[in-house]
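For reference, the structure discussed in these notes is given below.
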Amino acid sequence: MFKGFYTATAGMLSQQRRTDMLTNNIANANTPGFKEDQGVIRAFPEMLLQRIEEQQNGKSVTRSQENIGSLNTGVYLQETVPNFVQGDVQQTDYQTDLALLQTSVPDKEGGLFFAVQSSEGNLSYTRNGNFTVDLAGFLTTNNGEYVLNTNNEPINVQNEEFKVDNQGNVTVNGEVAGQLNIVYANSMETVIKTGNGLYQTENGQPLPSAVGNGEASYDIKQGFVERSNVNMSQAMTELLTAYRTFEANQKVMQAYDRSMEKAANEIGKVR
């Protein structure tokens, strides 16, 4: 078997998955609060190649081993990691739009989220502040998840004429209807994407609240949304690079295919 056959195959598979990741980033470039994924590509362990020789000495057989080099077994896309850099803030003038601006957290690797209740009833988190009001008057995400207060209960705002101050206090007709539950993660490695702009913790434990926490400060702006942090020009460049790398590995595979065809059909052929 040709040594580079599986190496080229592994390269094609990793670049195909990287292309899927970059395509998803580009497709969500206009999704409020979306955090782009970054791929981590690693190499498989190298194989040490040895040559074994046998020598017959009378009735005994001796074996000797000689290192003849190493074989790279290819690469793979180990994981995709969200990039939680703050996106630009865009003014919309819609009362239901809320932008969460992170000013400080206990750990520089951490981040802040809105607490919401998923359709399955689970506690989830989001950076997408493009909210709406449902028919019952509750503040929800565009997918119907309830936005929660500091008691992890849905907030009833009655209509779109509510007010939110910079600390998340919701006022309806001059009366406080609750305070948005803003939570923080000390490390973004503890949260995973679950789809539709939602995140959950890996261990299922709730994130601590940032409300009243002097080390985790934030600012909420009503009538604004946080835009996606996808850099379109960079994403397109990386997509073209991934495509060209896939194409290069494809040509190597085609060369191996022609070589194997010739070895099977022509070498040793009796004329």
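The values are calculated or read from the model by the stated rules, or taken from the named source; none is laboratory data. All values derive from a computational prediction rather than experimental measurement. Cβ: placed from backbone, ideal geometry, glycine included. Neighbour counts: every protein chain shown. When the accessible area is computed, the model is the full protein with side chains, heavy atoms only, and any ligands, DNA or RNA have been set aside. Shrake-Rupley method; radii C 1.70, N 1.55, O 1.52, S 1.80 Å.
Key figures
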| item | result |
| --- | --- |
| Tabulated pairs, the stretch 220-245, first under 18 Å from residue 85 (Cα atoms) and touching a residue at least 60 places away in the same chain (Cβ under 8 Å), second of a type in the set (A, V, I, L, M) and part of a loop (DSSP other than H, G, I, E, B), C-beta under 6 angstrom, 6+ apart or interchain | 228/29; 229/85; 230/29; 232/29 |
| Failed criterion for residue 239 (all others in (1) open to solvent by less than 50 Å² (accessible area, probe 1.4 Å); (2) in contact with a Gly (Cβ under 6 Å, 6 or more places away or on another chain) hold) | (2) |
| Close pairs (6 angstrom Cβ cut-off, 6 or more residues apart or separate chains): closer than 30 Å to residue 52 by Cα in the stretch 69-97, in a loop (DSSP other than H, G, I, E, B) anywhere | 70/46; 71/3; 72/46; 73/44; 74/44 |
| Condition met for residue 221 (loosely packed, with under 14 Cβ neighbours inside 10 Å and either out of contact with any strand residue (DSSP E or B) (no Cβ under 9 Å at 6 or more places or on another chain) or not aromatic (Phe, Trp, Tyr) (or both)) | no |
| Entirely in the stretch 1-112, the strands (runs of 3 or more DSSP E) that have 1 or more residues that are over 30 Å from residue 181 (Cα atoms) and at pLDDT below 90 | 37-43, 47-57, 60-71, 75-82 |
| Single condition residue 211 does not satisfy, out of (1) touching a residue at least 24 places away in the same chain (Cβ under 8 Å); (2) of a type in the set (Val, Ile, Thr); (3) more than 24 Å from residue 125 (Cβ to Cβ) | (3) |
| Lone qualifier among 230, 252 - being open to solvent by less than 70 Å² (accessible area, probe 1.4 Å), hydrophobic (A, V, I, L, M, F, W, C), at pLDDT 90 or above and under 22 Å from residue 16 (Cβ atoms) | 230 |
| Residue check, residue 147 touching a residue at least 12 places away in the same chain (Cβ under 8 Å), β-branched (Val, Ile, Thr) and surrounded by 16 or more Cβ atoms within 10 Å (Cβ to Cβ) | yes |
| Residue within the stretch 177-192 that is assigned to a strand (DSSP E or B), surrounded by fewer than 16 Cβ atoms within 10 Å (Cβ to Cβ) and at pLDDT below 90 present | yes |
| Test set (1) open to solvent by 40 Å² or more (accessible area, probe 1.4 Å); (2) at pLDDT below 90; (3) within 24 Å of residue 80 (Cβ to Cβ) - residue 200 fails condition number | (2) |
| Residues located in the stretch 224-271, provided they are closer than 30 Å to residue 126 by Cβ and assigned to a helix (DSSP H, G or I) | 232, 233, 234, 235, 236, 237, 238, 239, 242 |
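Residue-wise test of (1) over 23 Å from residue 232 (Cβ atoms); (2) open to solvent by 70 Å² or more (accessible area, probe 1.4 Å).
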{"position": "90", "(1), (2)": "no, yes"}
{"position": "96", "(1), (2)": "yes, no"}
{"position": "115", "(1), (2)": "yes, no"}
{"position": "119", "(1), (2)": "yes, yes"}
{"position": "131", "(1), (2)": "yes, no"}
{"position": "154", "(1), (2)": "yes, no"}
